[in-house]
Amino acid sequence: GHLEVVWSGLVDPRGLAVDWITGNVFYTDTGLQQIGVVTADGIYGAVIANSSLDQPGSIAIDPTAGFMYWADSGLRPRIEIATMDGQSRRQLVNTNLVKPAGITIDFNGQKLYWSDTALDKLERSNLDGTQRTLLAHFAVNVHPVGLVLHNNSLIFTEQNYVGIYRFPLFSKAATRIVTTLSKPGGIALYNASRTTGNLKHYITRNVKLFEIYILPYKQW
């Protein structure tokens, strides 16, 4: 497919999230230690958070409520929340974390899910960080990275055995469903009810990037 550069000048972009109401693209950059937003056409962009960030990675947004959530896997690993303009920022989870990697929102259940690739864990909490629950602690070196929720299952990428796994919330067992990948990183799921219609889905790989690429919509 055709790749279009919409925003450049970045050092190590890690996370992407699309506001399905406005079409704006939110990103994290570990190299620049910042969170930014850019219009889908790349005409306008702004940095919305650049203080007290170490290694911001996965990011998830809730445009109906006006909040964004992200994981920081730096020296003080944590999961944070702020309004989508970067204000009212606070930490939701900052204990018993080592390398929080993937983060995703359950809009129906009003839950926040995340993976810790160093502790081999999947966890969740309420959107305000309360009622933290351990869902899985893998004992066979399964390192969950990117994370999405689909049909009561967590779908996550994994970099040790290399592939994509499905983890049904009610069975508590993960099954590898894709095996033909090399170092998969972030993953996103297309939802027809939450899209502007011009973007399909994103999968990022654990490589050093210098620009953000957006794959134009096409039928898969």
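The values are calculated or read from the model by the stated rules, or taken from the named source; none is laboratory data. As the structure is a computational prediction, the values presented were derived from the model and not from experiment. Reconstructed Cβ throughout: ideal geometry from the backbone, glycine too, with neighbour counts over all protein chains shown. Side chains are part of the model used for accessible areas, which takes the heavy atoms of the whole protein and leaves out ligands, DNA and RNA. Shrake-Rupley method; radii C 1.70, N 1.55, O 1.52, S 1.80 Å.
Using the empirical formula 2.2 N^0.38 Å as the baseline, the Cα radius of gyration of the chain reaches a ratio of 0.95. Accessible surface of Glu123, taken over heavy atoms with a 1.4 Å probe and every protein chain present, rounds to 10 Å². A simple charge model with +1 on the Cβ of Lys and Arg, -1 on the Cβ of Asp and Glu and nothing else charged puts the dipole of segment 1-84 at about 180 debye relative to its Cα centre. Across the chain, C-alpha contacts under 8 Å between residues 6 or more apart give a mean separation that, scaled by the residue count, equals a relative contact order of 17 percent.
Cα centroid distance between segment 18-73 and segment 97-140, in Å? Here the answer is 20 Å between Cα centres. Taking 0.36 nm per residue of separation and subtracting the current Cα-Cα distance, fully stretching the chain between Val47 and Ala173 would add 41.4 nm. Ranked by the mean number of other Cβ atoms within 10 Å of their residues, highest first, the peptides 49-55, 177-183, 27-33, 64-70 come out as 27-33, 64-70, 49-55, 177-183.
Can you give the charge dipole size of segment 96-162 about its Cα centre, rounded to the nearest 20 debye, using +1 on the beta carbon of Lys and Arg and -1 on the beta carbon of Asp and Glu? Mind showing how you got there, number by number?
Numbers: 5 positive and 6 negative charges, 13 e Å.
Dipole of segment 96-162, to the nearest 20 debye: 60 debye.
Ranked from largest to smallest solvent-accessible area, with a 1.4 Å probe on the protein heavy atoms, Leu16, Leu135 come out as Leu16, Leu135.
Around Lys172, what is the net charge, scoring Lys/Arg as +1 and Asp/Glu as -1 over all other residues with Cβ under 15 Å from its Cβ? So the surrounding residues net to +1. Ordering Leu16, Leu32, Thr130 by Cα displacement along the dipole of the chain toward the positive end leaves Thr130 in first place; charges were set at the Cβ atoms of Lys, Arg (+1) and Asp, Glu (-1).
Estimated at 0.36 nm per residue, the fully extended path between Val162 and Thr39 surpasses their Cα-Cα distance by 41.0 nm. Taking Lys and Arg as +1 and Asp and Glu as -1, the other residues whose beta-carbon sits under 14 Å from that of Leu154 total +1.
Mind putting a number on the dipole of segment 83-131 about its Cα centre? Charges go on the C-beta only, +1 for Lys and Arg and -1 for Asp and Glu, and I need it in Debye to the nearest 20.
Working: 6 positive and 6 negative charges, 16 e Å.
In total the dipole reaches around 80 debye.
For the chain, modelled as a GNM whose springs connect Cα atoms under 10 angstrom apart, the maximal fluctuation among Arg124, Arg132, Arg78 occurs at Arg132.
Potential lengthening of the chain between Ser182 and Ser8 amounts to 60.1 nm, from the contour at 0.36 nm per residue minus the alpha-carbon distance.
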